[in-house]
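Undergrad: First, the structure itself, so that you have it in front of you.
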Amino acid sequence: MSSARPAVPDSGLQQLLDEGYVAEVQQQHLLLHSVPYVTAQGSLAEGVLVCKYIEDAGSILPPTAPGDDHQAWWIGSFPCRADGRLLTELVADTNPQNFQIFEGCVAQHRFSNKPEIWAGGFPDHYEKLSHYATLIQSQARAIDPDVDARTRRVIVPRDVESVFRYADTSSARAEIVATSARLKLKKLAIVGVGGTGAYILDQVAKTPVWEIHLFDGDIFKQHNAFRSPGAATIDELRERQKKVDYYVRHYDPMRRGIIPHGEFVDASNVNELADFDFVFVCVDKGPARKLVSDFLVANGVPFIDVGMDVVMDKETLELDGTCRATTATKTKNDHIAGCLPTDDDDAEALYQQNIQVADLNALNAQLAVIKWKQLFGFYQDRFKSHHAVYTLSVQSLTREERE
């Protein structure tokens, strides 16, 4: 058998292995090695077929499922006929393009071929990959009848360690595994997991960051349940547990590496932030914001500070407000003093009275997370603004402080 890791149910993987194909699964993709083919020079070589292999709650989706298709990637030069002419039945761009499928896996071509018998799509991955392998190696056999992709060669499974307790099929379905890997930071901190910080955690927890450290000394109270992602039970509220412990418990079923720090960041422990790759600052007190931001700038730690301001029109009883996301990096931080509110806060401010603004908390968090993803190459960032403010009443987003 070619691999030590069959899957049940496996959408044809076990049949590939039983017939001697050299197959393995990596990062929600199925790789079929040692496929003999003819090069443009008429010589024989071996290539690799790659296709999506997407799991859904313990089952493997067939190639006909949404998010999958009949196409396959190819690692190698474009296969040819025995006489050196291109194997045009594969219906692909014959120019090498370098498709980065996931980290460490780069293909040169993408094929599209579907026999009439499977006009509605291949029923499983055996039919899909064996079809491509047979089509390609048939020309190689015209030169050497003994070549065969079914070598029964044993390979060592190369499972990539992951923080997730189940596979990230979303990235595989969207074909952005390699792009998502750019967010695989070693250590990230969220200082303050109130409304906005909690929504930031909700997004960051679904990325491959190895460690997410939560800093907050507050208790998770009933009003927090109304401006946080998810739904707390009455029993959880009665436990009066710290926010950081509440969120670790809620995200533990999905991933590892969320680490609680049940204290506020102050002068006695701010130095703990020195070795982080990135920090989200989500505090609602000016002096604390100044302490943390000054320390991060001095130590060259990139961060995004978020903030909200909500006011009520006394005549209409309507709310207006702003959401702010301010970014600082090693090379761009001279704007921080002018952008961050660091004075003592107004104790009577409406937001300080715990007004329920979950939608604004969520929006504020998304502005920060999108910018963070831009900084690390997940999203494009042509404008390179380091200060964004969304104004609710006019639905306006201003961007300032360009790099």
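The values are calculated or read from the model by the stated rules, or taken from the named source; none is laboratory data. Just so it is clear, the model here is predicted, and its values are computed rather than measured. In this analysis, Cβ positions are derived from the backbone assuming ideal geometry, glycine residues included, and neighbour counts consider all displayed protein chains.
Undergrad: Filtering segment 384-403 down to residues that are over 13 Å from Ala368 (Cβ atoms) and β-branched (Val, Ile, Thr), which residue is surrounded by the fewest Cβ atoms within 10 Å (Cβ to Cβ)?
TA: This residue is Val394.
Undergrad: So which of Val281, Val244 ends up being in contact (Cβ under 8 Å) with a residue 40 or more places away in the chain, β-branched (Val, Ile, Thr), under 24 Å from Val389 (Cβ atoms) and in the same structural domain as Ile200 (by TED's automatic domain parsing)?
TA: Working: Val244 fails: under 24 Å from Val389 (Cβ atoms).
Residue meeting the stated conditions: Val281.
Undergrad: Something else now. Considering each of Thr196, Thr151 in turn, give the residue that is more than 19 Å from Gln27 (Cβ to Cβ) and either free of Cβ contacts under 8 Å to residues at least 12 places away in the same chain or touching a Cys at 6+ places or on another chain (Cβ under 9 Å) (or both). Don't jump to the end; show me each part of the working.
TA: Numbers: Thr151 fails: either free of Cβ contacts under 8 Å to residues at least 12 places away in the same chain or touching a Cys at 6+ places or on another chain (Cβ under 9 Å) (or both).
Only one candidate passes the filter, namely Thr196.
Undergrad: Tell me which residues, restricted to segment 293-310, are surrounded by fewer than 14 Cβ atoms within 10 Å (Cβ to Cβ) and either of a type in the set (Lys, Arg) or closer than 20 Å to Pro341 by Cα (or both).
TA: To start, the set of residues in segment 293-310 that are surrounded by fewer than 14 Cβ atoms within 10 Å (Cβ to Cβ) comprises 298, 300.
Matches in segment 293-310: Ala298 only.
Undergrad: Quick one: would you say Gly286 is at positive phi, surrounded by 13 or more Cβ atoms within 10 Å (Cβ to Cβ) and of a type outside the set (A, V, I, L, M, F, W, C)? Please lay out each step first, then the result.
TA: On the way: at positive phi: no; surrounded by 13 or more Cβ atoms within 10 Å (Cβ to Cβ): yes; of a type outside the set (A, V, I, L, M, F, W, C): yes.
It is false that Gly286 is at positive phi, surrounded by 13 or more Cβ atoms within 10 Å (Cβ to Cβ) and of a type outside the set (A, V, I, L, M, F, W, C).
Undergrad: Name the residue that is surrounded by the most Cβ atoms within 10 Å (Cβ to Cβ), counting only residues in segment 256-272 that are in contact with a strand residue (DSSP E or B) (Cβ under 6 Å, 6 or more places away or on another chain) and not in a loop (DSSP other than H, G, I, E, B). Working first, answer last.
TA: First, the residues of segment 256-272 that are in contact with a strand residue (DSSP E or B) (Cβ under 6 Å, 6 or more places away or on another chain): 257-262, 265.
Subset that is not in a loop (DSSP other than H, G, I, E, B): 258-261.
Values: Ile258: 23, Ile259: 14, Pro260: 19, His261: 18.
Applying the filter and picking the extreme gives Ile258.
Undergrad: So if I check each of Val248, Val279, which one is crowded, with 16+ Cβ neighbours inside 10 Å and in a helix (DSSP H, G or I)? It would help to see each step written out before you state the result.
TA: Working: Val279 fails: in a helix (DSSP H, G or I).
The match here is Val248.
Undergrad: Another question, if that's okay. Here are some residues: Pro253, Pro341. Which one is out of contact with any strand residue (DSSP E or B) (no Cβ under 9 Å at 6 or more places or on another chain), surrounded by fewer than 17 Cβ atoms within 10 Å (Cβ to Cβ) and in a loop (DSSP other than H, G, I, E, B)? Spell out how you get there, then give the answer.
TA: On the way: Pro341 fails: out of contact with any strand residue (DSSP E or B) (no Cβ under 9 Å at 6 or more places or on another chain).
One residue alone meets the criteria, Pro253.
Undergrad: Scanning segment 150-175 for residues that are hydrophobic (A, V, I, L, M, F, W, C) and over 29 Å from Thr134 (Cα atoms), which turns out modelled with the lowest pLDDT? Steps first, please.
TA: Step one: filter segment 150-175 for residues hydrophobic (A, V, I, L, M, F, W, C), giving 154-156, 160, 163-164, 167, 172, 174.
From what is left, the residues that are over 29 Å from Thr134 (Cα atoms) are 160, 163-164, 167.
Values: Val160: 62, Val163: 93, Phe164: 93, Ala167: 81.
Residue satisfying both the conditions and the ranking: Val160.
Undergrad: Here are the criteria: (1) within 19 Å of Thr151 (Cα to Cα); (2) in a loop (DSSP other than H, G, I, E, B). Tell me which single one Asp83 does not satisfy.
TA: (1)
Undergrad: Only one of (1) at pLDDT 95 or above; (2) crowded, with 19+ Cβ neighbours inside 10 Å; (3) in contact with a Pro (Cβ under 8 Å, 6 or more places away or on another chain) fails for Thr329. Which number is that?
TA: Going through (1) at pLDDT 95 or above; (2) crowded, with 19+ Cβ neighbours inside 10 Å; (3) in contact with a Pro (Cβ under 8 Å, 6 or more places away or on another chain) one by one, Thr329 breaks only (2).
To keep it simple, each residue is scored yes or no on (1) surrounded by fewer than 19 Cβ atoms within 10 Å (Cβ to Cβ); (2) more than 28 Å from Glu55 (Cα to Cα).
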| position | (1), (2) |
| --- | --- |
| Phe111 | no, no |
| Pro115 | yes, no |
| Trp118 | yes, no |
| Tyr126 | no, no |
| Leu129 | no, no |
| Ala140 | no, yes |
| Ile143 | yes, yes |
| Asp148 | yes, yes |
| Thr151 | yes, no |
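Undergrad: Examine segment 191-200 for a residue that is more than 21 Å from the chain's Cα centre (by Cα), in a strand (DSSP E or B) and assigned by TED's automatic domain parsing to the domain that holds Gly300, and state whether such a residue exists.
TA: Within segment 191-200 (the criterion being more than 21 Å from the chain's Cα centre (by Cα), in a strand (DSSP E or B) and assigned by TED's automatic domain parsing to the domain that holds Gly300), the answer is yes, since at least one residue qualifies.
Undergrad: OK, next. Go through (1) under 29 Å from the mean Cα position of the chain (by Cα); (2) part of a loop (DSSP other than H, G, I, E, B) and name the single condition Thr94 misses.
TA: If we test Thr94 against (1) under 29 Å from the mean Cα position of the chain (by Cα); (2) part of a loop (DSSP other than H, G, I, E, B), just (1) comes out false.
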